[in-house]
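J.: Before we start, here is the structure in question, set down as structure tokens.
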Amino acid sequence: MRPLAPLQNAPASMHGAFLFSVLTCAAVGRRLLQSIQLIQFAFLLALFAGCRPLPPADLVLHNGREPETIDPHLLTGQADGRIGSALFEGLTRYDPVSGNAIAGLAQGWTLSPDGRTYTFQLRTNAAWSTGKAITSTDVVWSWQRAVNPLTAADYASQYFYVENGEAICNGTERDPGKLGVRALGPHTLEVRLVNPTPFFLELLASRVFAIVPRETLEKYGDQWIRSPGLPCSGPYTLEFWRVNDRIRLRRNPHYWDATNVQSAVVDVLAGDSAHTTLNLYLTGAVDFIIDKDMFPTELAEALRERPDFHRYDYLGSYFIRFNTTRKPFDDPRVRRALGLVINRQRIVGRITRMGERPASHIVPDGTGGYHPPAGLEEDATTARRLLAEAGFEGGKGFPSFEYSFNAETKLHEHIGVEIQAAFREQLGIRMELRPLEWKTYLNNMSKLDYDLMRSSWIGDYNDPNTFLDLFLSTGGNNRTGWRDEVYDQLIQAANATLERQPRFELLAKAEARLLNVGAPIVPLFSYVGFYALDTNRVAGVHGNLLDEHPFWAIRRIPR
Amino acid sequence: MKLIRRLLAIPLLVWIVATLAFFLMRAAPGGPFDRERAPASREVEAALQARYHLDESLGRQYLRFLAGLVQGDLGPSFKYRHHTVNDILAQALPVSLTLGWLAFGTALGIGIPTGFIGAVHRGRWPDWAGSFLVLAGVCIPTFVLAPLLVLIFSLRLGWFPVALWGSIPQVLLPTFALGLYFAARVSRLLREGLSETLRAPFILTARAKGLGEFELLLRHALRPSLLPVVSYCGPMLADLLTGSFVIERVFQIPGTGAFFVNSFFSRDYPLMVGLVIVYSALLLLLNLATDFAYRWLDPRTRHA
């Protein structure tokens, strides 16, 4: 990696600053008027001393917040993931058009008749950015590293579908070598699964299955990603990383598909002000705003009309969690009653206003070709009846309770107010709003220290299971206290079914049970994403449910 | 002697502040690795806690922190996992320092001449014009001023880039936006100081002796009038050098301001404590420097 460049180059700019301070002190002395001219002079001098402009990049993307980590196995954020995918690839990768998995480092695969053993053929021209070949032992080592609990990868749970993956991650199996993956030859790999897993190839495109360089990791430890000459398996290499400013990527000349990598040098900017990002885009300093959180919602009405702002459906759901371990929310009738009085149309039409789809189901429409069942739609009469059956006729005797939400944006509060009004007017019950700071919110959620809580979930892969397995009794992300054996059995049965249609039917049955019988959650709407892109200026970006836009496919159109 | 005594007190004070920050941060609910997604398993969570020594008792963690501090190692950042706190400071601090110095220069470069002119032409139009500017500078908060400057000079006129850091044009707007408020304060202090000095008997004496107006103002009147400005310089410089969250956010400048705010929200204990240490040391040093500059400018304080 190259050392830091302009104005971050400490010695140069400090030199300028020192000179400047001397002159400033002189100004405070006697020769005031002359010295003021000197100040102006010093001002410019200090700047020249520190400045050596960067050579421009071929493509400038705004990626939202500063990445926390770009280690593909450790990263969890979407912004981090985009860079992780640019640097490291797995057996499959995301298709730039649909976002579905297509062949990556593997050129082909076969599946055994029982649907439990994959045999992958690696590309013979797959190579690290150093030129060294990528072989099946690299894949085996990378996967063993990701699943090892000592690596502490949050997404290690994606390996639970692979034989022994769960046991290794839980520490019941101490030897990561027992993971169900082995090299049959330098370019042949066998993967054994616990159950037939219809979405396994989709999973393989996610970062936690990426191939990472063993020697570098063993040599540099935690700092490996910033080591000099970092070997990369993906389309790009890391040129430099300036915290809170940008990451510069350069095309990996040894990438197997290097000829299709559209832009040679890509700058990935980091920043957390949506307005500044918009200004950068409007003045042409940024080619493409890739992160949907960098959309200034206050300007939604005006920006939605622009031809270069594109809306797309997004694999995410907004919902309310009930704490089913607390009275009176331990009674499913109470939960259903509350879910039946929410007017979703008002929420998306008057509060969120970005074109979200109201949804009474947790799995967004269109996820992997699945059709979600209907959940609790607005029906105040039934709601009042259910509440009366639970012993709270007209809301009498219903204890006061709280609706917790994270308070970084006003949006969650406005939705809370809407729900509060519905409960009061339709059911005669009182709810207080409880804004929380982010970490407190997360802490309260995982400790089940809440009554009702705003929640959301973003899918990891294009299959309904990414939403439905949250609410398994043993799921670490359940966080409602709800346990239902029938639900667990339905999900397990579905995921052991190879054929698509019968599997989806079982999943739909499970989802219907979740929404209408147990009702530990009330979904409100499915998310939408927005991206700013002038199609006359940039090519290779396609809206898709997964919001995956691989950098290698994107290029600036020459004017 | 006094200088040495006060210099020696600085590490002690910094240590006290750092200790407070260390324990207060850990008293806040939630931890650095609480996320929306639950960890894959208890072992994964335990490994993460163990890697950053969060599984140890608070006392041990504190001793570990002190041991690192003595060696100048502020530890790893919990949020930015490939960077140590030292790495982050080495990258972000020079940016904030550069911006702060330049804004400091702007504050003095604008504030001193306008204050000077205001006092000399007291009650006439240059004074009114200056006062108007000063009032505007003090009243308009940076979070209004900065976007306004961007709107006018970048988006409408296209003279400057809207944001980012790395070239001279990119530096000018944030410097001005950050420096203007302080320029206004400096201007007001100098105008009051100089007006008062000009009424003093020794000025009358100097005039009676036939001293030229120019020399009178610059040589005799200005020096004592600068005292309030100098005493303001210490806190002003500390304020400027430690980075401005608002300015850095609006102009997407990779300084320390954003880290200071975000490290608390993300419970990045070492980064937060590291920044507190740097800020408090800077503040104490600058206060000390101010006191000594004061003694140098005003002989009366030397014998007090």
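J.: Can you say whether B:F264 is surrounded by fewer than 21 Cβ atoms within 10 Å (Cβ to Cβ), within 13 Å of B:S77 (Cα to Cα) and either at the interface with chain A (Cβ under 10 Å from one of its Cβ atoms) or hydroxyl-bearing (S, T, Y) (or both), as far as the supplied structure shows?
T.: yes
J.: Identify, please: which residue in region A:40-59 is at pLDDT 60 or above and facing chain B (nearest Cβ under 10 Å) and is, among those, farthest from A:G81 (Cα to Cα)?
T.: A:A42
J.: Which members of region A:417-431 meet the condition of being open to solvent by less than 20 Å² (accessible area, probe 1.4 Å) and part of a helix (DSSP H, G or I)?
T.: Within region A:417-431, A:I419, A:A422, A:F423, A:L427 meet the criteria.
J.: Something else now. A:V212 versus (1) open to solvent by 10 Å² or more (accessible area, probe 1.4 Å); (2) under 30 Å from A:R248 (Cα atoms); (3) within 14 Å of chain B (Cβ to nearest Cβ): which is the lone unmet condition?
T.: (1)
J.: Read through the list (1) buried (at least 21 other Cβ atoms within 10 Å of the Cβ); (2) at pLDDT 85 or above, then give the number of the only condition that B:F202 fails.
T.: (1)
J.: Something else: Just name the residue that is least open to solvent (accessible area, probe 1.4 Å) out of those in region A:81-98 that are out of contact with any strand residue (DSSP E or B) (no Cβ under 8 Å at 6 or more places or on another chain) and over 12 Å from A:V208 (Cα atoms).
T.: So, considering only residues that are out of contact with any strand residue (DSSP E or B) (no Cβ under 8 Å at 6 or more places or on another chain) and over 12 Å from A:V208 (Cα atoms), the one least open to solvent (accessible area, probe 1.4 Å) is A:P96.
J.: May I ask you to list the residues in region A:432-461 that are more than 12 Å from chain B (Cβ to nearest Cβ), open to solvent by 10 Å² or more (accessible area, probe 1.4 Å) and not in a loop (DSSP other than H, G, I, E, B)?
T.: Within region A:432-461, A:E432, A:L433, A:R434, A:P435 qualify.
J.: Further question on the same structure: Could you check region A:485-495 and list, in sequence order, the residues that are of a type outside the set (F, W, Y) and either crowded, with 18+ Cβ neighbours inside 10 Å or within 14 Å of chain B (Cβ to nearest Cβ) (or both)?
T.: Scanning region A:485-495 gives A:L490, A:I491, A:A494, A:N495.
J.: Could you pull out the residue among A:A106, A:A153, A:A126, A:A101 that is open to solvent by less than 10 Å² (accessible area, probe 1.4 Å) and under 23 Å from the mean Cα position of the chain (by Cα)? Show your work before the answer.
T.: Numbers: A:A106 fails: under 23 Å from the mean Cα position of the chain (by Cα); A:A126 fails: under 23 Å from the mean Cα position of the chain (by Cα); A:A101 fails: open to solvent by less than 10 Å² (accessible area, probe 1.4 Å).
When all the criteria are applied, what remains is A:A153.
J.: Of all residues in region A:129-143, how many are under 23 Å from the mean Cα position of the chain (by Cα) and surrounded by fewer than 22 Cβ atoms within 10 Å (Cβ to Cβ)?
T.: Number satisfying all stated conditions: 0.
J.: When residues of region A:206-245 are filtered for being out of contact with any Gly (no Cβ under 6 Å at 6 or more places or on another chain) and outside any loop (DSSP other than H, G, I, E, B), how many remain?
T.: 21
J.: Restricting region A:249-289 to residues that are among the polar types (S, T, N, Q), out of contact with any strand residue (DSSP E or B) (no Cβ under 8 Å at 6 or more places or on another chain) and more than 14 Å from chain B (Cβ to nearest Cβ), which is least open to solvent (accessible area, probe 1.4 Å)?
T.: Among those that are among the polar types (S, T, N, Q), out of contact with any strand residue (DSSP E or B) (no Cβ under 8 Å at 6 or more places or on another chain) and more than 14 Å from chain B (Cβ to nearest Cβ), it is A:N260.
J.: Now for a separate question. In region A:223-248, how many residues are within 14 Å of chain B (Cβ to nearest Cβ) and in contact with a Ser or Thr (Cβ under 9 Å, 6 or more places away or on another chain)?
T.: 5
J.: Exactly one of (1) in a loop (DSSP other than H, G, I, E, B); (2) out of contact with any helix residue (DSSP H, G or I) (no Cβ under 7 Å at 6 or more places or on another chain) is unmet by B:G59. Its number?
T.: (1)
J.: Here's something else I'd like to know. Mind listing whichever residues of region B:154-196 are open to solvent by less than 30 Å² (accessible area, probe 1.4 Å) and away from chain A (no Cβ under 14 Å)?
T.: Residues satisfying the conditions are B:A184, B:S195.
J.: Same structure again: From the residues in region A:399-413 that are surrounded by 14 or more Cβ atoms within 10 Å (Cβ to Cβ) and touching a helix residue (DSSP H, G or I) at 6+ places or on another chain (Cβ under 8 Å), which one is nearest to A:E298 (Cα to Cα)?
T.: In this case the residue turns out to be A:L411.
J.: For region A:529-542, indicate whether the set of residues that are buried (at least 20 other Cβ atoms within 10 Å of the Cβ), under 30 Å from A:L386 (Cβ atoms) and touching a helix residue (DSSP H, G or I) at 6+ places or on another chain (Cβ under 9 Å) is non-empty.
T.: Scanning region A:529-542, I find no residue that is buried (at least 20 other Cβ atoms within 10 Å of the Cβ), under 30 Å from A:L386 (Cβ atoms) and touching a helix residue (DSSP H, G or I) at 6+ places or on another chain (Cβ under 9 Å), so the answer is no.
J.: Just to be sure before I move on: is B:L241 farther than 24 Å from A:E437 by Cα, within 12 Å of another protein chain (Cβ to nearest Cβ) and within 17 Å of the chain's Cα centre (by Cα) in the structure I sent? Spell out the reasoning first.
T.: Numbers: farther than 24 Å from A:E437 by Cα: yes; within 12 Å of another protein chain (Cβ to nearest Cβ): yes; within 17 Å of the chain's Cα centre (by Cα): yes.
For B:L241, the condition - farther than 24 Å from A:E437 by Cα, within 12 Å of another protein chain (Cβ to nearest Cβ) and within 17 Å of the chain's Cα centre (by Cα) - is met.
J.: Test of understanding: among A:R306, A:R311, A:R321, which residue is part of a loop (DSSP other than H, G, I, E, B) and either open to solvent by 40 Å² or more (accessible area, probe 1.4 Å) or within 30 Å of A:D463 (Cβ to Cβ) (or both)? Explain how you work it out, then say what you get.
T.: Working: A:R311 fails: part of a loop (DSSP other than H, G, I, E, B); A:R321 fails: part of a loop (DSSP other than H, G, I, E, B).
Unique residue meeting the criteria: A:R306.
J.: Hey, any hits in region B:13-33 for a residue that's more than 28 Å from the chain's Cα centre (by Cα) and farther than 28 Å from A:L436 by Cα?
T.: no
J.: Right, next: Inspect region B:120-132 for any residue being in contact with a helix residue (DSSP H, G or I) (Cβ under 8 Å, 6 or more places away or on another chain), open to solvent by less than 70 Å² (accessible area, probe 1.4 Å) and within 14 Å of another protein chain (Cβ to nearest Cβ) and give the result as yes or no. I'd like the intermediate steps shown before the answer.
T.: Taking region B:120-132 as the starting set, the residues that turn out to be in contact with a helix residue (DSSP H, G or I) (Cβ under 8 Å, 6 or more places away or on another chain) are B:120-122, B:126-127, B:130-131.
Applying the additional criterion that residues be open to solvent by less than 70 Å² (accessible area, probe 1.4 Å) yields B:120-121, B:126-127, B:130-131.
Remaining after also requiring within 14 Å of another protein chain (Cβ to nearest Cβ): B:120.
Within region B:120-132, one or more residues are in contact with a helix residue (DSSP H, G or I) (Cβ under 8 Å, 6 or more places away or on another chain), open to solvent by less than 70 Å² (accessible area, probe 1.4 Å) and within 14 Å of another protein chain (Cβ to nearest Cβ).
J.: If only one of B:V278, B:V273, B:V229 is over 27 Å from A:A407 (Cβ atoms) and open to solvent by less than 10 Å² (accessible area, probe 1.4 Å), which one is it?
T.: Checking each option against the conditions leaves just B:V229.
J.: Now a separate question. Would you pick out the residues in region B:183-203 that are within 20 Å of the chain's Cα centre (by Cα) and hydroxyl-bearing (S, T, Y)?
T.: B:S187
J.: Where residues in region B:48-103 are among the β-branched types (V, I, T) and within 12 Å of chain A (Cβ to nearest Cβ), which of them is farthest from B:G31 (Cα to Cα)?
T.: B:T98
J.: While we're here: If you go through region A:324-336 one residue at a time, how many are crowded, with 16+ Cβ neighbours inside 10 Å and more than 19 Å from A:A383 (Cα to Cα)?
T.: 1
J.: Still on this model: Pick out, from region B:229-304, the helices (runs of 4 or more DSSP H) lying fully within it that include 3 or more residues that are hydroxyl-bearing (S, T, Y). Even if it seems obvious, please write down each step before you answer.
T.: On the way: elements: B:245-250, B:257-265, B:269-297, B:299-303.
So the answer is B:269-297.
J.: Taking A:R226 as the residue in question, decide whether it is more than 26 Å from A:P464 (Cα to Cα), open to solvent by 50 Å² or more (accessible area, probe 1.4 Å) and at pLDDT 95 or above.
T.: So A:R226 does not fit the description; no.
J.: In region A:290-302, which residues are open to solvent by less than 40 Å² (accessible area, probe 1.4 Å), assigned to a helix (DSSP H, G or I) and closer than 17 Å to A:N244 by Cα?
T.: So the first thing to find is which residues in region A:290-302 are open to solvent by less than 40 Å² (accessible area, probe 1.4 Å), and the list is A:290-292, A:294-296, A:300.
Retained after the next criterion (residues that are assigned to a helix (DSSP H, G or I)): A:292, A:294, A:300.
Within region A:290-302, A:M294 is the sole residue that qualifies.
J.: Output the number of the condition that A:R454 fails; it satisfies all remaining conditions of (1) touching a His at 6+ places or on another chain (Cβ under 6 Å); (2) modelled with pLDDT under 95; (3) basic (K, R).
T.: (2)
The values are calculated or read from the model by the stated rules, or taken from the named source; none is laboratory data. Just so it is clear, the structure is predicted and the values come from calculations on it, not from any experiment. Virtual Cβ from ideal backbone geometry, glycine too; neighbours counted across all protein chains shown. All accessible areas refer to the heavy atoms of the entire protein, side chains included, with ligands and DNA or RNA removed. Shrake-Rupley method; radii C 1.70, N 1.55, O 1.52, S 1.80 Å.
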